[in-house]
Amino acid sequence: MPLTAALEEVGAGIDRAFDALLPVPEDARARLYEAMRYAAIGGGKRIRPLLVVAACDLFKVDRARAMRVALAVECIHVYSLIHDDLPSMDDDDLRRGKLTLHRAFEESTAILAGDSLHALAFEILADEATHEDPFVRADLVVELARAAGPAGMAGGQMMDLKAGEMGLDLPAVTRLQQLKTGALIGWCVEAGAIMGRAPVDGRTGLRGYARDVGLAFQIADDLIDHEGQEEKAGKRVGKDRAAGKQTFVSLLGPERARRQADLLVEQAIAHLHGFGEDAELLRAVARFAVERDH
């Protein structure tokens with residue numbers, strides 16, 4: 001399936017799932033559900049869910065089950081964006097082309113919406129509908145907890161908050177982004193192998209792919225922040241430079257950063273050599289990581 005069609009199909013499926021899971025109740029919780037729907041439905045590239053689906057396809061995982069795993073990681077991603085935009089974090093006003101959640105609602109509701117989406121991710125994974133094997137479900141849960149917590153995304157965010165005052169070098173920026181962005185991308189690909197019951201020692205190539213794609217994706221984000229247009233990006237640009245943060249672009253320069261991203265994509269694709277045509281969608285996602293403008 002061409003990448004554009006795959007993105008549209010998975011994105012539409014994620015929106016339908018959120019719509020079904022988040023009906024607005026007729027009680028005092030209504031505003032919380034409305035906020036969750038505002039943040040989760042519509043917009044976004046849905047790259048992480050697509051990575052889950054593409055990785056599950058390698059192991060012939062049932063699509064409905066794959067979409068449940070994809071929905072779980074999108075819950076985590078949306079929660080992270082909500083919290084990342086808060087005044088105590090990056091204090092952003094625009095996300096996915098519309099007001100950030102704390103601006104459209106209020107900060108307290110935004111925090112609760114993020115917390116609720118975080119909880120929903122694990123509820124989805126722990127449900128028997130995701131997989132009949134409780135050991136598979138437990139593996140998905142524990143690996144996502146690691147990827148989202150202090151050893152992964154949250155730890156990377158803490159490093160990012162301190163980055164402006166620390167003067168990070170290239171290895172430190174790489175480590176920061178491997179945690180903040182790469183850990184969750186790594187889980188997306190690993191989740192396919194977990195759902196397919198692939199042995200741990202058979203996941204090396206997928207892990208290498210995820211590591212390189214994660215870094216390439218972040219370099220592309222840095223380039224968009226450096227030279228992109230706010231209208232296309234759907235968010236404020238130039239904020240890293242304004243905050244005095246070191247990024248791949250500030251350390252390497254735009255051209256070297258772009259070449260490095262291209263090299264990482266080549267490496268990522270090389271890691272998939274053992275999967276043949278079944279990995280074509282993963283290869284397309286890797287190329288898209290550096291070709292996008294938003």
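The values are calculated or read from the model by the stated rules, or taken from the named source; none is laboratory data. The model shown is predicted, which means the values in this text are computed figures rather than measured ones. Cβ placement follows ideal geometry from the backbone for every residue including glycine, while neighbour counts extend to all protein chains displayed.
Here ALA145, ALA193 are screened, and the one residue that is within 15 Å of the chain's Cα centre (by Cα) and surrounded by fewer than 23 Cβ atoms within 10 Å (Cβ to Cβ) is ALA145. Restricting attention to the range 173-198, the residues that are among the aliphatic types (A, V, I, L, M) and without any contact (Cβ under 8 Å) to a residue 40 or more places away in the chain add up to 3. Taking the range 101-123 as the range and being within 14 Å of LEU144 (Cα to Cα) and under 17 Å from the mean Cα position of the chain (by Cα) as the test, the residues that pass are LEU117, HIS118, ALA119, LEU120, ALA121, PHE122.
Restricting attention to the range 276-290, the residues being touching a residue at least 60 places away in the same chain (Cβ under 8 Å) and surrounded by fewer than 16 Cβ atoms within 10 Å (Cβ to Cβ) number 1.
Sort out for me the helices (runs of 4 or more DSSP H) sitting completely within the range 184-294 that have 1 or more residues that are in contact with a Leu (Cβ under 9 Å, 6 or more places away or on another chain) and either under 23 Å from VAL142 (Cα atoms) or at pLDDT 90 or above (or both). Those helices (runs of 4 or more DSSP H) span 204-227, 248-252, 254-270, 280-291. So VAL73 fits all but one of (1) touching a Cys at 6+ places or on another chain (Cβ under 6 Å); (2) free of Cβ contacts under 8 Å to residues at least 40 places away in the same chain; what number is the exception? Every listed condition holds for VAL73 apart from (2). Among the residues of the range 118-156, the ones that are of a type outside the set (A, V, I, L, M, F, W, C) and either part of a loop (DSSP other than H, G, I, E, B) or touching a strand residue (DSSP E or B) at 6+ places or on another chain (Cβ under 6 Å) (or both) come to 9 in all. Residue-level check: of (1) crowded, with 18+ Cβ neighbours inside 10 Å; (2) more than 17 Å from the chain's Cα centre (by Cα); (3) among the small types (Gly, Ala, Ser), ALA210 misses just (2). Given the options ASP201, ASP169, name the one that is among the acidic types (Asp, Glu), in contact (Cβ under 8 Å) with a residue 24 or more places away in the chain and over 16 Å from MET89 (Cβ atoms). Testing whether each residue is among the acidic types (Asp, Glu), in contact (Cβ under 8 Å) with a residue 24 or more places away in the chain and over 16 Å from MET89 (Cβ atoms) leaves just ASP169. On inspection, LEU168 fails the criterion of being in contact with a helix residue (DSSP H, G or I) (Cβ under 8 Å, 6 or more places away or on another chain), in a helix (DSSP H, G or I) and not charged (D, E, K, R).
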